[in-house]
Amino acid sequence: MKYLCLICAEKVMEQMPQADADEHYEEYREFTSNIRKSGHFVDCNRLLPPSAAITIRVRKGKISSMDGPFVETKEQLGGYYVIEARDLNEAIQVAAKIPGAARGCVEIRPIANDAQTLDVLGLD
Amino acid sequence: MVEESEQDFSKKLEQLYRNEFRRVLATLIRLLGDFDQAEEALHDAFKAALEQWPQQGIPDNPRAWLVSVGRFKAIDKFRRDARFDTFDEIPEQLDAFIVNPEDEQDECLEDDQLRLIFTCCHPSLSVEAQVALTLREICGLTTEEIARAFLIAPKTAAQRIVRAKAKIRDARIPYEVPAHEQLPERLNSVLQVIYLVFNEGYSASSGHALTRHDLSAEAIRLGKLLMELLPSEPEILGIVALMLLQDSRRAARTTSEGDLILLNEQDRTLWNWDQISEGVTLVRRALSLSGFGAYTLQAAIAAVHAEAPSADKTDWREITGLYDVLLRIYPSPVVELNRAVAIAMCDGPEAGLALIEVLISQGQLEDYHFLYAAQADFHRRLGQTDQAILAYQHALKLAQQEPERRFLQKRLAELHNK
């Protein structure tokens, strides 16, 4: 089963002092290489800061767009991993090693993989 | 052999049901991978037993018989449904089709109960959901009984259970005993559920009934089950000891009108001495093992109270020492308050008052009526009537339970009459 791990923290890389950011990158490099070896890795990336975010809504066919993320909170979304795990306990064990978990928090979301969704989206 | 009367036989069946249904359910959940299907299979298995056992006699291993019949009833049902549904779900159901003789060995069944406990108390479920699911699946309470015990609408209780089951399925919460490294943390969440159930029974958080005995008894039973399954975990011994020692004072802690009687005013002959000796033995064993924690220490404190021949012969130094240890490993303002009360018993109310004023100045426990009740009691014992009245009034504003409110009102009336 696939799980999306959303990494939230008060500071994203751009907002950290350079030395901190370098250290953090190194931790991520190591973590990512480990989960590639163990076979849990599916995908990952870093998100640019919320200042780069835009939220859009479409109402009556018109696009209205707003500056900033969907919800403004102290903690912001900084990146994500998609991992493959046997079950939630394994996902928790893997996600607990994401370096961001020690600084902010990680939300674990099971990714729906049911026939109905795949069918609707035209995926197999 | 004397032939059994029909009545004896149905009594025997009833007892078998009571003894076995939890274990059988736990195993069926593992085999079928689904709570609802397992409940249905359990029901079908007992129905088959009622039909077949009167003629064929009770099998040698009724538990294994029930598991096996439940499994085949579920497979039958699955085959019937499969004719009408698509075959999408078949791979997920395969476990049920593979008959592994080890599955029905007693040892494996014991593990199933443990797996079920850890699944129901998984930290990814809300605490309310953990409690409801545990009472439903492990203790076998009905949804209505759970609703009544927690003063919620049956619909709310049912929803909590349905949502929890859906989350177990959707997020794929596994049916397993946590690995050694995760055990302490996961066990904590199980113990929290047990203690919550106990406390809900022992001192209902609101309403008139001060004790809802069934829930406390259920929590003690659950603790003892866990103790059988994991016999060398000190905190399990500790929590069972703590519950037994607290429960031992049940008959002495309220008047027949339901008014509270404080520990130092209780009639100690009303205490349940069997429970006390059981609790004291367990606490000694827990303290002799490495890795005991907050439950064991609280049980040790309760044991000191229980072993005092009278209230004024209580060893308050020993109790203060135990609170010191507790505060070191489990710092919390509630523990600080309890320690302040113990210190007041050793060194006089001024010493206790000083500690309580620190708590108040830090803005700790602002909504906790016991804080102000303790403050009021210290002022009262120092003869500071006006300050005592103010503090009792403050406590009364925060207290929710009728018996506690009556106790505070009684103290206030006594001071006004001075």
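Brief remarks follow.
- Only the Cβ atoms of Lys and Arg (+1) and of Asp and Glu (-1) were treated as charged; on that basis the dipole of segment B:106-229 about its Cα centre amounts to roughly 640 debye.
- Cα pair distances of segment A:10-124 binned at 5 Å [whole percent]: 2, 9, 16, 17, 16, 16, 12, 6, 3, 1
- Across all directions, the average flat footprint of the convex hull enclosing the Cα atoms of segment B:346-418 is 4.8 nm².
- Note: relative contact order over chain B, using C-alpha pairs below 8 Å and six or more positions apart, is 10 percent.
- Here the dipole of segment B:346-418 is about 340 debye; that uses its Cα centre as origin and unit charges on the Cβ of Lys and Arg (positive) and Asp and Glu (negative).
- Given charges at beta-carbon only (K, R positive; D, E negative), |dipole| of the protein assembly as shown in Debye: 1360
- Distance-filtered residues of segment B:28-56 - backbone nitrogen under 16 Å, label point 7 angstrom along B:S5 Cα→Cβ: none
- GluC sites (Glu not before Pro) lying in DSSP loop within segment A:46-120, provided at most 10 other Cβ fall within 10 Å: A:E72
- Applying a DSSP loop filter and a limit of 11 other Cβ atoms within 10 Å to the trypsin sites (Lys or Arg not before Pro) in segment A:1-81 leaves A:K60, A:K74.
- The Cβ shell under 9 Å around B:A171 holds other residues with a net charge of +2, Lys and Arg each +1, Asp and Glu each -1.
- If you plug the beta carbon distance of B:L327 and B:E128 into 1/(1 + (r/R0)^6) with R0 = 30 Å, you get a FRET efficiency near 0.55.
- Residue with peak Gaussian network fluctuation, chain A [Cα springs, cutoff 10 Å], from A:N89, A:N113, A:N45: A:N113
- Convex hull of Cα atoms in the protein assembly as shown, direction-averaged projection (nm²): 36.0
- Positive dipole terminus of chain B, leading residue within B:I29, B:L326, B:N417 (C-beta point charges): B:N417
- In this label model, B:D60 and B:S290 are separated by 4.4 nm, measuring between points 7 Å along each Cα→Cβ vector.
- Taking all Cα pairs closer than 8 Å and separated by 6 or more residues, the relative contact order of chain A comes to 45 percent.
- Chain B: Lys pairs at Cα distance under 21 angstrom, eight or more positions apart or on different chains: 9
- Between B:N264 and A:N34, the distance separating the two model label sites (each 7 Å from Cα on the Cα→Cβ line) works out to 5.5 nm.
- Shielding by partners - mean other protein chain Cβ count within 10 Å, residues of B:164-171: 2
- Checking every one of the GluC sites (Glu not before Pro) in segment B:207-289 against DSSP loop status and a limit of 13 other Cβ atoms within 10 Å picks out B:E257.
- Label-zone membership for segment B:41-59, site B:K77, 7 angstrom Cα→C-beta point, backbone N under 13 Å: B:41-48
Since every read-out is calculated from the coordinates, none of them should be taken as a lab result. These figures come from a predicted structure and were not determined experimentally. Don't worry about glycine lacking a Cβ; one is built from the backbone with ideal geometry, like all the others, and counts go over all protein chains shown.
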